[in-house]
Amino acid sequence: MVKILALYGSPRRKGNTATLTKHAVQGARDAGADVEEIRLRDLKMSPCLEIYGCKKSGRCAIKDDFHQLQDRLLESDGLILSSPIFFYTVSAHTKIMMDRCQSLWVKKYWVDNPSDAQSVPARTGKSALTRKGLFISVGATKGKKLFDGTLLTVKYFFDVLDMELYGSVLVRGMDFEGDILAHSEYLTQAYEAGRKLAEALDSDPQAGK
C-alpha cells in the first residue's frame, strides 16, 4: 500500500489551508493510500542552529521531535505539504521543518555524494524520481507572484527528499477562517489532487515497498 505523509503547516487547526489539506487527504485515502497526518504546530522543533553536527552521519544533532518526523519523511512514498503564505513564503512552522532538513542535504551531498555538492541546482528535476509530493497553499492577497518564491523553495526542499513536485493547489484571496468553505471548486480541486497523487504513486512499481 502506498504511504503518504501529510504535513499541516498552518498555525490554525481549522484554517483554509488545513481544510484544503483534509480534502486532499480524503482524496488520497479514497484512492487506496495509507495517509498519516501531522500538524507541525504540535511538534517541539528548534530552528536549525547551523552547528553542523550532522556532518559525520547526516543526522541532526539537536534532540527534539524533528527526528521522528525525519524518519517518517524518509519512509513515505509521497508527501502532502501545506502552508498558508506569510510575507510571500511559507509559515514559520513549515520553514523550521524545512531548515532542519539541512541535515538531509548534508547527508545527500556531503556524506553520500560529496562530488555533487557543487552542482545541486543542476540535479533538481533531472533524476527519475519515483517519490512525489503535493503542495497546498492559500494566500490572502491576489498578487500574480504570490506563490513564485514559495514554489521554488518547495521544489528544492522536495529535491533533498528525492521527490518531485507532482502537483500544487494554490488559492488566492482567502484570509479569514472558513472563507474556503464558500468555494466548493477549490475543495474539489484539493480532493482530486490528493486522489491523483495517490494514483500516480500506486502506478509506480517501487512505491509501497
query = of a type in the set (Gly, Ala, Ser) and touching a strand residue (DSSP E or B) at 6+ places or on another chain (Cβ under 7 Å) - does that describe any residue in segment 176-185?
reply = no
message = Looking at Asp116, Asp175, Asp204 in this structure, which one is at pLDDT below 95 and under 19 Å from Gln102 (Cβ atoms)?
response = Asp116
ask   = In this structure, is Gly15 within 24 Å of Glu185 (Cβ to Cβ) and touching a strand residue (DSSP E or B) at 6+ places or on another chain (Cβ under 8 Å)?
value = yes
Subset of segment 65-103 (residues that are among the aromatic types (Phe, Trp, Tyr) and farther than 19 Å from Ser46 by Cβ) = Phe86, Phe87, Tyr88
inquiry  = Show the residue pairs meeting these rules: Cβ distance below 8 Å; 6+ apart or different chains; first residue within segment 86-108 and assigned to a helix (DSSP H, G or I); second residue of a type in the set (Ser, Thr, Tyr) and surrounded by fewer than 20 Cβ atoms within 10 Å (Cβ to Cβ).
reply    = Lys95/Thr89; Ile96/Ser46; Met98/Thr153; Arg100/Ser46; Val106/Tyr52; Lys107/Ser57
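Would you please name the residue that is farthest from Asp65 (Cα to Cα), looking only at residues in segment 21-51 that are within 14 Å of the chain's Cα centre (by Cα) and not hydroxyl-bearing (Ser, Thr, Tyr)?
Among them, the one singled out is Ala24.
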key: Which numbered condition Lys144 fails, given (1) crowded, with 21+ Cβ neighbours inside 10 Å; (2) of a type in the set (Lys, Arg); (3) modelled with pLDDT under 95   = (1)
message = Restricting to segment 23-69, count the residues that are in contact with a Lys or Arg (Cβ under 6 Å, 6 or more places away or on another chain), surrounded by fewer than 16 Cβ atoms within 10 Å (Cβ to Cβ) and of a type in the set (Phe, Trp, Tyr).
response = 0
ask   = So which of Gly149, Gly167 ends up being surrounded by fewer than 17 Cβ atoms within 10 Å (Cβ to Cβ), on the phi < 0 side of the Ramachandran plot and touching a strand residue (DSSP E or B) at 6+ places or on another chain (Cβ under 7 Å)?
value = Gly149
Unmet criterion (only one of (1) closer than 21 Å to Asp162 by Cα; (2) at pLDDT 95 or above) for Trp105 = (2)
task = Can you give me the number of residues within segment 171-185 that are surrounded by fewer than 17 Cβ atoms within 10 Å (Cβ to Cβ) and closer than 10 Å to Ser137 by Cα?
result = 1
query = For segment 163-185, what are the residues that are in contact (Cβ under 8 Å) with a residue 40 or more places away in the chain, hydrophobic (A, V, I, L, M, F, W, C) and in contact with a Lys or Arg (Cβ under 9 Å, 6 or more places away or on another chain)?
reply = Met163
inquiry  = Being outside any helix (DSSP H, G or I) and either within 12 Å of the chain's Cα centre (by Cα) or farther than 30 Å from Glu185 by Cβ (or both) is the requirement here; does Asp71 meet it?
reply    = no
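The values are calculated or read from the model by the stated rules, or taken from the named source; none is laboratory data. Please read all numbers here as calculations on a predicted model, not as lab measurements. Backbone-built Cβ (ideal geometry, glycine too); neighbour counts: all protein chains shown.
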